[in-house]
Amino acid sequence: MSDPKLKVRVATCSLAGCFGCHMSFLDIDERLLGLLELIEFDRTPLTDIKHCGPCDVGIVEGGVCNAENVHVLKEFRKNCKVLVAIGACAITGGIPAMRNNIDLWDCFQEVYQYEGGLEGHQVPNDPELPLPFDKVHPINEVVKVDYFLPGCPPSGDAIWRFLTDLLNGREPKLDYEMLHYD
Amino acid sequence: MGAPMSKTITIDGKSIPFKDGQTIMDAAMAADVYIPHLCHNPEFKPHGSCKLCTVKVNGRNVASCTMPAVEGQQVLSDTLELNDERLSLTQMLFVEGNHICPSCEKSGNCQLQAVAYYLGMMSPHYNHFYPQREVDASHPDMLLDRNRCIYCELCVRASRDVDGKSVFGLSGRGIGSTLVVNSTSGLLGDTNLAATDKAAQVCPTGALLKKRQGFTVPIGQRIFDHRTIKDVQLGEEHE
């Protein structure tokens with residue numbers, strides 16, 4: 001089973017998220033070792049590969065809050081046969097979307113100019129910084145998403161159930177207590 | 001004076017007894033048959049607005065919380081078609097407001113969330129509206145967060161019919177509806193609402209919350225964390 005050609009290739013990324021879903025993914029603990037017999041990673045924060053190549057499964061954490069998020073998300077959609085939205089932010093916008101009802105400039109001023117303990121008190125304006133959007137959106141408002149795995153974050157057990165269902169060709173199905181939005 | 005429970009309707013093929021004056025919902029709940037609902041609460045006059053309790057009666061869709069039970073009705077409730085429609089209605093409630101569960105104190109005790117769990121909602125599906133809604137923290141003991149209001153009118157009914165205060169009302173129509181407060185300033189803090197009022201207890205979501213209660217019961221130990229809304233509400237019916 002360790003022949004790389006037979007392994008399912010998986011990419012993951014975190015857009016406007018907190019990496020909590022990735023941490024929860026690591027919470028499947030020693031089952032990771034068994035999982036690595038079945039999958040190999042393409043782009044993920046774990047491999048530090050910068051661009052996503054052709055993959056079987058793409059797992060996206062976080063919503064879309066800036067132009068770079070859209071580029072990454074479209075790259076994932078283009079390269080992944082199955083795209084999975086993981087966590088509240090990817091599915092609803094989540095906590096970052098709480099800024100959706102606040103003017104973006106007001107947000108920036110609050111964070112970069114008025115907040116205490118800052119040096120310079122200016123809003124970052126480097127051309128390399130991605131263009132921020134006025135609203136944060138869930139990823140299914142930008143690309144087609146095949147599966148949703150809710151939770152903030154989904155538990156390690158829920159992630160394990162989801163992945164093992166998917167890898168075994170079953171329609172992923174969570175038990176009642178595994179399905180939660182908080 | 002005759003057998004009091006001699007009349008019956010049929011729900012999903014099961015014979016359900018009822019008394020005159022009962023709705024389909026009343027008869028179903030009494031017989032341990034769960035029909036998903038949000039704006040209905042057996043303690044109050046039915047409102048019939050959320051439409052989650054829609055059932056098919058003799059081929060027509062009706063709200064079971066307002067439709068009187070009538071001898072011989074053939075009711076379909078727990079069907080794939082009706083549950084799909086209930087799921088769509090629930091998803092629309094989610095995208096119409098700002099329901100950000102990870103930031104909400106009511107999470108785990110919220111009936112909107114619990115119904116979504118019951119119906120297996122994996123995503124809100126529709127594009128989010130992210131509407132602009134007002135938060136009112138002016139009351140010393142209560143928080144009114146309109147982002148989470150689903151316009152069920154339970155607080156309106158409780159305040160008017162039980163507390164006799166008429167603190168709340170709905171204003172506007174359709175997507176422009178908003179929950180308004182009966183004070184000159186429009187602020188909750190300028191009303192005579194008390195945290196002990198019935199109106200302060202009935203919100204199915206986190207729109208009307210008691211202050212300083214937030215996480216006295218931790219996430220993971222809340223009402224719907226381990227029990228479905230079906231089991232909880234049928235249990236309450238028989239208390």
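The values are calculated or read from the model by the stated rules, or taken from the named source; none is laboratory data. Owing to the predicted nature of the structure, the values given are computational and were not obtained by experimental measurement. Ideal geometry is used to build each Cβ from the backbone, glycine not excepted, and the neighbour counts take in all protein chains shown.
Could you tell me which residue of segment A:26-45 is surrounded by the fewest Cβ atoms within 10 Å (Cβ to Cβ), considering only residues that are hydrophobic (A, V, I, L, M, F, W, C) and in contact with a Phe, Trp or Tyr (Cβ under 9 Å, 6 or more places away or on another chain)?
Of everything passing the filter in segment A:26-45, A:L32 is surrounded by the fewest Cβ atoms within 10 Å (Cβ to Cβ).
Every residue in segment A:33-53 that is farther than 15 Å from A:K74 by Cα and assigned to a loop (DSSP other than H, G, I, E, B), please.
Those that are farther than 15 Å from A:K74 by Cα and assigned to a loop (DSSP other than H, G, I, E, B): A:D42, A:T44, A:P45, A:L46, A:T47, A:D48, A:I49.
Can you pull out every residue in segment B:89-120 that is more than 8 Å from chain A (Cβ to nearest Cβ), in a loop (DSSP other than H, G, I, E, B) and crowded, with 22+ Cβ neighbours inside 10 Å?
Scanning segment B:89-120 gives B:G97, B:K106, B:C110.
Restricting to segment B:132-156, name every residue that is buried (at least 16 other Cβ atoms within 10 Å of the Cβ) and within 14 Å of another protein chain (Cβ to nearest Cβ).
B:R133, B:D145, B:R146, B:N147, B:R148, listed by residue number.
With the condition kept exactly as written, say whether any residue in segment B:193-209 is surrounded by fewer than 18 Cβ atoms within 10 Å (Cβ to Cβ), in the same structural domain as B:Y151 (by TED's automatic domain parsing) and among the aliphatic types (A, V, I, L, M).
Within segment B:193-209, one or more residues are surrounded by fewer than 18 Cβ atoms within 10 Å (Cβ to Cβ), in the same structural domain as B:Y151 (by TED's automatic domain parsing) and among the aliphatic types (A, V, I, L, M).
So how many residues does segment A:85-102 have that are more than 7 Å from every other protein chain (Cβ to nearest Cβ), surrounded by fewer than 24 Cβ atoms within 10 Å (Cβ to Cβ) and touching a residue at least 24 places away in the same chain (Cβ under 8 Å)?
Counting residues in segment A:85-102 that are more than 7 Å from every other protein chain (Cβ to nearest Cβ), surrounded by fewer than 24 Cβ atoms within 10 Å (Cβ to Cβ) and touching a residue at least 24 places away in the same chain (Cβ under 8 Å) gives 2.
Just the residues that are within 25 Å of B:D163 (Cβ to Cβ), in contact (Cβ under 8 Å) with a residue 24 or more places away in the chain and away from every other protein chain (no Cβ under 14 Å), please, taken from segment B:213-239.
Result: B:Q213, B:Q233, B:E237.
Kindly indicate which of A:P54, A:P4 is surrounded by fewer than 23 Cβ atoms within 10 Å (Cβ to Cβ), at pLDDT below 95 and of a type outside the set (K, R).
On inspection, the qualifying residue turns out to be A:P4.
Applying the selection to segment A:136-173, what residues are in contact with a His (Cβ under 9 Å, 6 or more places away or on another chain), within 11 Å of chain B (Cβ to nearest Cβ) and either of a type in the set (A, V, I, L, M) or surrounded by fewer than 18 Cβ atoms within 10 Å (Cβ to Cβ) (or both)?
A:E141, A:S155 - these are the residues of segment A:136-173 that are in contact with a His (Cβ under 9 Å, 6 or more places away or on another chain), within 11 Å of chain B (Cβ to nearest Cβ) and either of a type in the set (A, V, I, L, M) or surrounded by fewer than 18 Cβ atoms within 10 Å (Cβ to Cβ) (or both).
Within segment B:180-212, restricting attention to residues that are without any contact (Cβ under 8 Å) to a residue 60 or more places away in the chain and part of a strand (DSSP E or B), which residue is nearest to B:F94 (Cα to Cα)?
Among residues in segment B:180-212 that are without any contact (Cβ under 8 Å) to a residue 60 or more places away in the chain and part of a strand (DSSP E or B), the one nearest to B:F94 (Cα to Cα) is B:V180.
Among the residues of segment B:121-131, which ones are within 7 Å of chain A (Cβ to nearest Cβ) and more than 29 Å from B:D78 (Cβ to Cβ)?
Of everything in segment B:121-131, those that are within 7 Å of chain A (Cβ to nearest Cβ) and more than 29 Å from B:D78 (Cβ to Cβ) turn out to be B:N127, B:H128, B:Y130.
Just to verify a result, which residue in segment A:55-84, among those that are among the small types (G, A, S) and closer than 16 Å to A:G20 by Cα, is nearest to the other protein chains (Cβ to nearest Cβ)?
A:G63
Looking only at residues that are among the aliphatic types (A, V, I, L, M) and over 18 Å from the mean Cα position of the chain (by Cα) in segment B:202-222, which one is modelled with the highest pLDDT?
The selected residue is B:V217.
Working carefully through the options A:D56, A:D29, find the one that is of a type in the set (D, E, K, R) and part of a loop (DSSP other than H, G, I, E, B).
Only one candidate qualifies: A:D29.
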